[in-house]
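**Q** My questions all concern the structure below.
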Amino acid sequence: MNFLKAYHRFTRHRYYSLFLALPLFIMYESGIIWVHHNARFSARNLVDVIIKKFISYFDSSGFFACSVFAFLLVILIIRPKQDVLLFRASYFLLMVFESFMLALILAFTAQKSSMFFLSVSIIKSDTVANIILSLGAGIYEELFFRVVLFGSLVYFLKKIMNIPLFVSIVFSAMISSALFSLSHYGGSYGDQWSLYSFCYRFVSGIFFCLLYRARGFAVAAHTHALYDIFIALNLFK
């Protein structure tokens with residue numbers, strides 16, 4: 001019981017949560033270089049493209065260096081003053097297993113509901129690229145829509161507007177999830193508009209908001225990435 005309490009506290013902690021998500025982040029950025037070589041913005045995650053537009057004069061190696069440096073800088077800035085939580089390899093392995101089971105449940109539920117949509121853009125006949133994009137969705141979409149957008153809205157409504165926490169969470173989840181769903185219809189690889197797919201992605205966004213709130217960024221990012229990988233590999237069709 002003490003181990004599970006420590007594990008839950010560790011994986012929800014904002015510093016260690018980012019630390020646990022770092023392997024996913026590096027795999028995505030490395031994969032982009034491997035697949036696209038020196039191509040700029042070719043089939044990258046949409047949020048990734050928006051964030052990095054201001055450094056568009058860099059090649060793919062420049063993207064990797066800038067991205068990893070920024071990620072590590074954030075981890076360094078929010079590093080706790082005292083190491084109250086010690087890292088254990090078992091925490092990471094258990095978190096991956098937890099994320100795998102959550103993604104499995106989400107994918108199975110979606111398949112049974114006949115609502116199975118990819119949360120990232122699909123490149124026909126390129127499974128490897130789709131898997132890499134799935135990793136990017138886990139990192140960048142969770143970082144932007146859940147950590148930044150959802151988190152900021154909750155903070156603003158609760159702390160600034162003095163709105164009750166429950167109402168702030170519900171309203172923030174709805175706004176961020178609507179924007180999350182709409183983001184899948186833009187760009188050259190964007191899906192064709194469909195109310196059906198929009199509603200499903202909106203509900204998925206709500207799920208990831210609640211998961212982020214309850215379990216932190218790392219679990220949400222890994223669950224999102226694994227879920228998209230299941231779809232990219234057509235495991236439930």
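Read the figures in this text as sums done on the coordinates, not as results from a lab. Keep in mind the model is a prediction, meaning the values are calculated, not measured. Using ideal geometry, Cβ is built from the backbone for each residue, glycine included, and neighbour counts are taken over all protein chains shown.
**Q** What spacing in nm lies between the two simple spin-label points modelled at residue 199 and residue 3, each 7 Å away from Cα in the Cβ direction?
**A** Here the answer is 4.4 nm between the modelled labels.
**Q** Under 12 Å from the Cβ of residue 8, count the other residues' Cβ atoms, weight Lys and Arg +1, Asp and Glu -1, and hand me the total.
**A** Local charge sum for residue 8: +3.
**Q** Output the peptides 7-20, 149-162, 204-217 sorted from most to least packed, where packing is the average of other Cβ atoms within 10 Å over each peptide's residues. Display every interim value, and only then the final one.
**A** On the way: 7-20: 19.3, 149-162: 15.1, 204-217: 21.1.
By packing density, highest mean first, the sequence is 204-217, 7-20, 149-162.
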